[in-house]
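Here's the structure we're looking at; comments come further down.
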Amino acid sequence: MKIGIVGPADRSVAWENHLRSHQFVSEVIITASLDDIGNVDACILLDETDQRLQNLLKAIKLGYHTFFISSLPTDSDIIEKIYHTSQEANVRLQFSHWPTLAPASQWMAQKVQKPTFIQVTREISHTSFIESNLKQRDLWVDELAYCLKYIGGAVHHLQMNSSSLESGKSHAMHLLLRFDSGATAGIYISTCAQKNRHKRLVSDHSLLLDCDVETQTVRMGKEHNNSHLFFEKQTFDPALAAEQSAMQFLKAIQLKKPTLYNGYDLLQLVNTVKSIKQQP
């Protein structure tokens, strides 16, 4: 396959290194613009500019299967257009939703394929939050995308509440989702914690998976005799996320299968965020 990488030179070279070692990649072309990419089988689009969604739409219209490396967009009108345009053009899209693409998450999805329970806790120290460019909304949207993708199906009920003081600014929030399947997901975000903590607990009726996101360590719990819970531990290398996700993207193109986080997944997220915004 001939692959084009569009974006800043330093980031493009890093992604080129992820692709070069794989035998079914015959050529990699690096360019700063889609106009110069030429005839390729797929495109990795590295774009954090204000025009990133317009550039993605352009790549789709040019017929390029695209792995879009950018913050997860939730602009409802253009996302719907991007999804339908990609369907009409038979173009496969993969979005860089790292909570889904991370090696630990992919392993968990193999062990518990249909979770009935997810609890996410993400706490950031107040000092770290102030010094970062993060917004609280970015944090809960990322975790919402994770839960929607992992559980799948329609959301029957959702409820959000936040802890706001006199200024009206939210410092903590929780979100509860109930799916048509009966599965539930809870998301708790705090930007006023004493120290950082990021955990995801997932279970079905057979296994319990407790993931420490920062260390990419997963404790897998299973009941044995007398209902005692025994744990095994797996640790994953987060540095492998980019290379593995790129390979999964190319395999999806070859096998004509959905990508790991695709346009439909993003459209479901956008519609759910819209429903949350419409709550009184």
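Keeping to segment 1-14, report how many residues are open to solvent by less than 20 Å² (accessible area, probe 1.4 Å) and outside any loop (DSSP other than H, G, I, E, B).
Residues of segment 1-14 open to solvent by less than 20 Å² (accessible area, probe 1.4 Å): 3-7, 12.
Applying the additional criterion that residues be outside any loop (DSSP other than H, G, I, E, B) yields 3-6, 12.
Total satisfying the criteria: 5.
Tell me, which residue of segment 66-75 that is of a type in the set (S, T, N, Q) and touching a Leu at 6+ places or on another chain (Cβ under 9 Å) is surrounded by the fewest Cβ atoms within 10 Å (Cβ to Cβ)? Before the answer, list the steps.
Of the residues in segment 66-75, the ones of a type in the set (S, T, N, Q) are 66, 70-71, 74.
If we keep only those that are touching a Leu at 6+ places or on another chain (Cβ under 9 Å) too, we end up with 66, 70, 74.
Values: Thr66: 29, Ser70: 17, Thr74: 19.
Checked segment 66-75; the qualifying residue surrounded by the fewest Cβ atoms within 10 Å (Cβ to Cβ) is Ser70.
Residues that are small (Gly, Ala, Ser), surrounded by 14 or more Cβ atoms within 10 Å (Cβ to Cβ) and over 17 Å from Ile130 (Cβ atoms) within segment 164-218 comprise Ser181, Ala183, Ala185, Gly186, Ser203, listed in sequence order. For segment 41-63, the set of residues classified as closer than 16 Å to Met247 by Cα and either without any contact (Cβ under 8 Å) to a residue 12 or more places away in the chain or part of a loop (DSSP other than H, G, I, E, B) (or both) consists of Asp41 only. Scanning segment 50-65 for residues that are open to solvent by 20 Å² or more (accessible area, probe 1.4 Å) and within 15 Å of Ser96 (Cβ to Cβ) returns Arg52, Asn55, His65. Can Trp98 be described as of a type in the set (Phe, Trp, Tyr), within 17 Å of Thr191 (Cα to Cα) and in contact (Cβ under 8 Å) with a residue 40 or more places away in the chain? Criteria not met by Trp98. For segment 106-130, the set of residues classified as assigned to a helix (DSSP H, G or I) and either at positive phi or in contact (Cβ under 8 Å) with a residue 60 or more places away in the chain (or both) consists of Gln106, Trp107, Met108, Lys111, His126, Ser128, Phe129, listed by residue number. For segment 17-33, does any single residue satisfy the condition of being hydroxyl-bearing (Ser, Thr, Tyr), open to solvent by less than 80 Å² (accessible area, probe 1.4 Å), at pLDDT below 95 and part of a helix (DSSP H, G or I)? No, because not a single residue in segment 17-33 is hydroxyl-bearing (Ser, Thr, Tyr), open to solvent by less than 80 Å² (accessible area, probe 1.4 Å), at pLDDT below 95 and part of a helix (DSSP H, G or I).
Looking at segment 219-236, which of its residues are surrounded by fewer than 12 Cβ atoms within 10 Å (Cβ to Cβ), of a type outside the set (S, T, N, Q) and not in a strand (DSSP E or B)? Correct list: His224, His228.
So, Thr116, is that one surrounded by fewer than 19 Cβ atoms within 10 Å (Cβ to Cβ), at pLDDT 95 or above and among the hydroxyl-bearing types (Ser, Thr, Tyr) or not? Spell out the reasoning first.
Details: surrounded by fewer than 19 Cβ atoms within 10 Å (Cβ to Cβ): yes; at pLDDT 95 or above: yes; among the hydroxyl-bearing types (Ser, Thr, Tyr): yes.
Yes, satisfied.
The values are calculated or read from the model by the stated rules, or taken from the named source; none is laboratory data. Just so we're clear, the structure is a prediction, and the values are computed from it rather than from any experiment. Here Cβ is always computed from backbone atoms with ideal geometry, including for glycine, and neighbour counts include all displayed protein chains. Calculation scope for accessible area: heavy atoms of the full protein, side chains included, ligands and nucleic acids excluded. Shrake-Rupley method; radii C 1.70, N 1.55, O 1.52, S 1.80 Å.
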